[in-house]
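Structure first, commentary second.
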Amino acid sequence: MIIGVPKEIKNHEYRVGMVPASVRELINHGHQVIVETNAGIGIGFTDEDYIQAGAEILPTAADVFAKAEMIVKVKEPQAVERAMLREDQILFTYLHLAPDLPQTEDLIKSGAICIAYETVTDTRGGLPLLAPMSEVAGRMSIQAGAQALEKSNEGRGMLLGGVPGVEPAKVVVIGGGMVGRNAAQMAVGMGADVTILDRNIDVLRSLNAQFGSQAKVIYSTVDALEKHVLEADLVIGGVLIPGAAAPKLVTEEHIKSMKPGSAIVDVAIDQGGCIATSKATTHAEPTYIVDDVVHYCVANMPGAVPRTSTFALNNATLPYIIKLANQGYKEALLSDQHFLNGLNVIKGQVTCKEVAEGFNMEYVDPRSAIENA
Ligand SMILES: NC(=O)C1=CN([C@@H]2O[C@H](COP(=O)(O)OP(=O)(O)OC[C@H]3O[C@@H](n4cnc5c(N)ncnc54)[C@H](O)[C@@H]3O)[C@@H](O)[C@H]2O)C=CC1
Ligand SMILES: CC(=O)C(=O)O
Ligand SMILES: [Mg+2]
């Protein structure tokens, strides 16, 4: 198979779909890899590194899209990239369709086979291709939140850990999954007063086992959420209902009643955000203020630490890329229900239930969509 890796074009996005070592693996499996010039330059990989691994370098994204049978990316395709997709081409990347009608419509129109990293599941109920970036974003959320609390950023002027004799900041983490657990780990490490809310009892038990008395672990009701959010100096939004738009758990009224200068980091923004006043921002302009609350809502947080992130992402995606290339998408997806869960759009049909329901579109069972393709 011919596998194409274009350079990412989202704002301050320096990750890349494949590192040279992954290219070499695919070449060893007998495939051909084409890479856009300078695709890896943001993480220190030159064209020469890719050539050494066996790739061919092409001068533009248009060349890569025109020739590749499968496109491997990081972020959801931007409008100019969507225009280059073609029927029967495989697209393997993050999509986050639920909050993004224009992208969903373009992918339907393209006729391509669009497999989203973030809805692939595993046998333990996890999301193996989202997890590595959630680890990164969860950890980063505390750095971002600490900065947002600085006075020069219109924050309350609080140090997360306080100092001897002065109280630490209260950090409230909504959603105790991969993002929440990693955020809590960093916040605890910095000496903050940490509370984690989730509504899955098994998750609560596991958080309790990990953090013991270092963090409060609370069942997430409207009541509990309101109490803790209104007391918070920093709120981290990390809830997820896989495939679906995030529920708006923190309301406009809550934001109005939060302490002036408090901060929120809505990591769930890539699924639309779990805070009513959130709107996606970029690394160039990461924050804005609503009702004196600093909002950080960057939808590609791991893009800021692209070297760590690309390796972490590639470690997880490589076996799936190899499977698609070796077996073709039909066999690769039909033989593995968890991989099949990644299929969001195929040849004009929506095969992710949450996306179809969210946009009032017809849902087609992915298995029959493939069998009829
Ligand atoms: N902005 C960015 O750059 C990035 C964003 N993300 C996003 O972060 C979000 C979280 O991802 P993960 O932690 O991997 O998901 P996860 O599935 O590991 O964790 C989500 C948690 O939310 C909990 N939850 C669901 N409804 C809840 C409610 N009403 N109250 C409290 N908890 C609730 C679930 O029980 C689960 O434990 C996703 O939207 C993901 O796409 C991930 C990486 C990067
Ligand atoms: C998951 C995601 O949105 C990211 O890594 O950018
Ligand atoms: Mg206020």
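Bear in mind these aren't lab numbers, they're just calculated from the coordinates by the rules spelled out. Since we're looking at a predicted model, the values are computed, not measured. Cβ atoms come from the backbone with ideal geometry, glycine included; neighbour counts cover every protein chain shown.
Quick check on my link table: of 73/279; 227/256; 227/259, which ones sit more than 22 Å apart, alpha carbon to alpha carbon? Pairs exceeding the cut-off: 73/279. Compared with the dominant principal axis of the Cα atoms in the chain, helix 201-211 is inclined by about 70°. For the chain, the dipole from Cβ point charges (+1 on Lys and Arg, -1 on Asp and Glu) about the Cα centre works out to 520 debye, to the nearest 20.
Give me the net charge for the shell around residue 245: Cβ to Cβ below 15 angstrom, other residues only, Lys and Arg +1, Asp and Glu -1.
Surrounding charge for residue 245 is -4.
When the helices of the chain are scored as -39500 (n - 2.57) per DSSP H run of n ≥ 4 and the total is divided over every residue, the value at 222 nm lands at -11000 deg cm²/dmol. Here's the picture: charge each Lys and Arg Cβ at +1 and each Asp and Glu Cβ at -1 in the chain, and of 324, 11, 28 the one pushed furthest to the positive end of that dipole is 28. Distance between the C-alpha centres of the range 94-154 and the range 204-256: 18 Å, rounded to the whole angstrom.
Taking Cα centre as origin and charging only the Cβ of basic (Lys, Arg, +1) and acidic (Asp, Glu, -1) residues, the dipole magnitude of the range 131-299 rounds to 280 debye. The residue list 306, 277, 240 was ranked by how far each Cα lies along the charge dipole of the range 227-316 toward its positive end, using unit charges on Cβ atoms, and 306 comes out on top.
Around residue 168, with a cut-off of 10 angstrom between Cβ atoms, what is the net charge of the other residues, counting Lys and Arg +1 and Asp and Glu -1?
Its environment carries a net charge of -2.
Taking the C-alpha atoms only, the angle from helix 178-189 to the longest principal axis of the chain is near 40 degrees.
Modelled this way, with points 7 Å down the Cα-to-C-beta line, the labels at residue 276 and residue 291 are 0.7 nm from one another. Each Lys and Arg contributes +1 and each Asp and Glu -1, all at the Cβ; summed about the Cα centre of the range 201-337, the dipole is approximately 400 debye.
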